[in-house]
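Engineer: Take a look at the following structure, please.
The values are calculated or read from the model by the stated rules, or taken from the named source; none is laboratory data. Just so we're clear, the structure is a prediction, and the values are computed from it rather than from any experiment. Neighbour counts are summed over all protein chains in view; Cβ atoms, including those assigned to glycine, are modelled from backbone coordinates with ideal geometry.
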Amino acid sequence: MDNGGMGDGASDRRPILTKRELQVLAALARFGNVSDIADSLSISPSTVETHLSHIRAKSGLHHAAQIVAWGYDNGFLSAPD
């Protein structure tokens with residue numbers, strides 16, 4: 001059964017995030033809100049929302065905390081030293 005690249009046995013098929021999606025994900029982990037993410041990346045809040053929408057679609061998650069945890073679990077984010 002195809003599970004869309006997520007779940008058991010799918011660790012080698014994680015979604016590919018664009019460079020900007022990775023930047024938005026990292027900023028989400030750091031700031032947690034669209035306005036601060038937009039300011040930190042010098043983009044509009046609506047552009048942040050677009051990137052978050054793509055990340056939600058790729059991760060299958062909707063809440064910021066879940067997305068950040070997913071980012072760490074899948075190696076997109078690393079804990080600060």
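Engineer: If you take just the helices (runs of 4 or more DSSP H) that sit entirely in the chain, which of them hold at least 1 residues that are modelled with pLDDT of 95 or more and within 9 Å of the chain's Cα centre (by Cα)? Give the steps one after another, and end with the answer.
Structural biologist: Numbers: elements: 19-31, 34-41, 45-59, 64-73.
Of the helices (runs of 4 or more DSSP H) lying wholly inside the chain, those with at least 1 residues that are modelled with pLDDT of 95 or more and within 9 Å of the chain's Cα centre (by Cα) span 19-31, 45-59, 64-73.
Engineer: Ok, one more. Looking only at the stretch 9-36, how many residues end up being among the β-branched types (Val, Ile, Thr) and either touching a strand residue (DSSP E or B) at 6+ places or on another chain (Cβ under 9 Å) or closer than 12 Å to residue 67 by Cβ (or both)?
Structural biologist: The number of residues fulfilling the criteria is 1.
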